[in-house]
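Taking it in order: structure first as C-alpha cells, then the write-up.
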Amino acid sequence: MFGALTAVIATAALLAVPAPASAALGTPRAHNGVNSSDRGSSGIGRAHGTLPRQAAADAAVRGLDVSGYQENVDWSSVAADGASFAYIKATEGISYISSQFRQQYDGSAAAGLIRGAYHFARPDKSSGSTQADYFIDHGEAWQPDGKTLPGVLDIEPSPNLPTCYGLGPAAMVDWITSFDDEYLSRTGRHPVINTNMSWWSQCTGNSPAFGATNLLWIGSYTGTAHPLPNGWSTYAVWQTSDSGTFPGDQDLFNGAQQDLREFAANGTYQPPPPPPAGAWPVVQQGYSGRQVTTVQYLLDYHGAALSVDGAFGTATHDAVIAFQTHNQLTADGIVGPKTWQALVATVKEGDHNAAVKAVQAELNARGASLSVDGAFGTATHDAVIAFQTHNQLTPDGIVGPNTWLALLN
C-alpha cells in the first residue's frame, strides 16, 4: 500500500500548470519571430485580453463549427438545441472553396445564429497575404451588422502533410503575420487565430507575437482549455469536442450573450479570464475517460442507472439533462462547475455507494490499488488521507467538495 500511495503523490505532482504571460491589448506586434479539403473537425482555438470577471461554464454560450463534411445541417434544430453561434469553413489554401459554405453560412443566419467563416491555412501553397485575399474574395469578411463574426485563420496540421508544412518557426510566424496584415488591411479587424497548443509550440516556437492583437480559438478535448499558447492569457472560443449535441465540433464562447453580440457588432471584445488550471473541468457528450467515469458513478449515486463505461454518449447526456433539470440548473447536458458541485457527494469511512466507487476510481488513476467496490473501508480511508496530505488539504479522510475538486484535476 505504501508503494501505491507514493505513486498517488508522484502523479498528483503533475497537476500544476503554470499560466502563460499575457500581452496587453493593442500592443504593436513584431513581424519576425522565432487538411484535407472537407474535414469533420476544425480545431479552432485561443485567447485575448482580461477583465476582472470570470467565465461561467454552466451558463455556457454554446456553438459549433462545420465544414463541407457535415453537408446539410438542420439549423433550426441546432438553434432549438441551444446553439448561439457557428463558424463555417469557407476556403482552404488558394484552390478550394467549400461546396457547402453558402448554404451553411446563410442557413445558420436564417435560424438566428451569429456566424462567421474560417479559412484552413496551407502555408505550403502560397503566401499568407495571398490566402487572406482568397479567403475574403470567396468567403465572407467581417462587417458591423451584429450577426457576422470576424474571420478565422485555422492553422494546424493537415493529414498526410508535414506537420509544419516545411516551414521553420520564424518562417511560420512570418506567414501568419502576412495573412494577418492583409486581412486587417482589407477588413479593419484582425482574424481570430485557431490552433492547438501542440502545433503552435512546435511550428511557431510557441511565439507570443499575436497575443496582443488576435483573439484566440483554442482546441482542447481534456476538460480544460489549459495550457494556452504563449502570449495569450485567455481565449475567445474553446473547441471542447469533435462530437456532441450539434453537428461538427462543439464550441464554447468565453463570455455572455451580450459579449457575443458585441463581438459581432464590433469585430472584437474583451474575453474574461479562463477558469484557473485547478478549476472544475468541463465534460460533455463525445468525451471519454476518467472524468466521464466519475460523472457516471455520481449520476448513479443520484438515482440514474447508467453503464459505467467512461464514454459520454446519449444515455449519459440524457441523465445529465435530467439531473440538471431536477436541480434547477441550466439543462444543457454539459457538466461544468455548478453541475459538478451539485453532483459530488461527501463520503467517508463506513459509506457504501456509487459515489465511493467514483472516489476509488479517481484514486486508482493516481496510482492507488483499491478495489472499486463502493465500500469506504480502511484502505480507501488511508488513500484519501495520503492524497489530501500531498494536496495540502485537511487530512481528515473525508471526501468533501475541496477533495473532489483536487481529485477531478
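The values are calculated or read from the model by the stated rules, or taken from the named source; none is laboratory data. Quick caveat, the model's predicted, so the values are computed rather than measured. Methodologically, a virtual Cβ is constructed for each residue, glycine included, from the backbone with ideal geometry; neighbour enumeration extends over all protein chains shown. Each accessible area value is taken on the protein alone, full model and side chains, heavy atoms only, with ligands, DNA and RNA left out. Shrake-Rupley method; radii C 1.70, N 1.55, O 1.52, S 1.80 Å.
With region 68-139 as the region, which helices (runs of 4 or more DSSP H) entirely inside it contain at least 1 residues that are over 28 Å from Trp199 (Cα atoms) and of a type in the set (S, T, N, Q)? Correct list: 75-80, 101-110. Under the condition of being open to solvent by 40 Å² or more (accessible area, probe 1.4 Å), not in a loop (DSSP other than H, G, I, E, B) and not aliphatic (A, V, I, L, M), the residues counted in region 387-407 number 4. If I go through region 112-154 residue by residue, how many of them are farther than 15 Å from His190 by Cα and in contact with a helix residue (DSSP H, G or I) (Cβ under 9 Å, 6 or more places away or on another chain)? Of the residues in that region, 16 qualify.
Scoring His119 on the criteria (1) modelled with pLDDT of 95 or more; (2) out of contact with any Pro (no Cβ under 9 Å at 6 or more places or on another chain) leaves a single failure, condition (2). Could you tell me whether any residue of region 336-355 is under 23 Å from Ser288 (Cα atoms), at pLDDT below 95 and either assigned to a loop (DSSP other than H, G, I, E, B) or open to solvent by less than 30 Å² (accessible area, probe 1.4 Å) (or both)? Among the residues of region 336-355, at least one is under 23 Å from Ser288 (Cα atoms), at pLDDT below 95 and either assigned to a loop (DSSP other than H, G, I, E, B) or open to solvent by less than 30 Å² (accessible area, probe 1.4 Å) (or both), which makes the answer yes.
Residues in region 363-386 that are within 29 Å of the chain's Cα centre (by Cα), assigned to a helix (DSSP H, G or I) and buried (at least 19 other Cβ atoms within 10 Å of the Cβ): Leu363 alone.
Within the bounds of region 315-322, is there any residue that is within 24 Å of Ile398 (Cα to Cα) and of a type in the set (D, E, K, R)? No, the conditions are met nowhere in region 315-322. Please enumerate the residues belonging to region 249-296 that are among the small types (Gly, Ala, Ser) and open to solvent by less than 10 Å² (accessible area, probe 1.4 Å). Residues satisfying the conditions are Ala264, Gly267.
Here Gln324 clears all of (1) more than 18 Å from Thr403 (Cα to Cα); (2) assigned to a loop (DSSP other than H, G, I, E, B) except the condition numbered (2). Of all the listed residues (Thr204, Thr224, Thr245, Thr195), the sole one being more than 21 Å from Glu140 (Cα to Cα) and open to solvent by less than 10 Å² (accessible area, probe 1.4 Å) is Thr204. I want to confirm something. Restricting to region 183-192 and keeping residues that are of a type outside the set (A, V, I, L, M, F, W, C) and over 22 Å from the mean Cα position of the chain (by Cα), which single residue is surrounded by the most Cβ atoms within 10 Å (Cβ to Cβ)? The qualifying residue surrounded by the most Cβ atoms within 10 Å (Cβ to Cβ) is Tyr183. Among the residues of region 145-203, just one is of a type in the set (Lys, Arg) and touching a strand residue (DSSP E or B) at 6+ places or on another chain (Cβ under 9 Å), namely Lys147. For Asn160, the test of being within 20 Å of Gly63 (Cβ to Cβ), polar (S, T, N, Q) and not in a helix (DSSP H, G or I) is failed.
Summed over region 75-107, residues that are surrounded by 19 or more Cβ atoms within 10 Å (Cβ to Cβ) and of a type in the set (D, E, K, R) total 2. Against the conditions (1) aliphatic (A, V, I, L, M); (2) touching a Pro at 6+ places or on another chain (Cβ under 9 Å); (3) closer than 22 Å to Gly63 by Cβ, Met172 satisfies every one except (3). Under the condition of being open to solvent by less than 30 Å² (accessible area, probe 1.4 Å) and in contact with a strand residue (DSSP E or B) (Cβ under 7 Å, 6 or more places away or on another chain), the residues counted in region 297-320 number 3.
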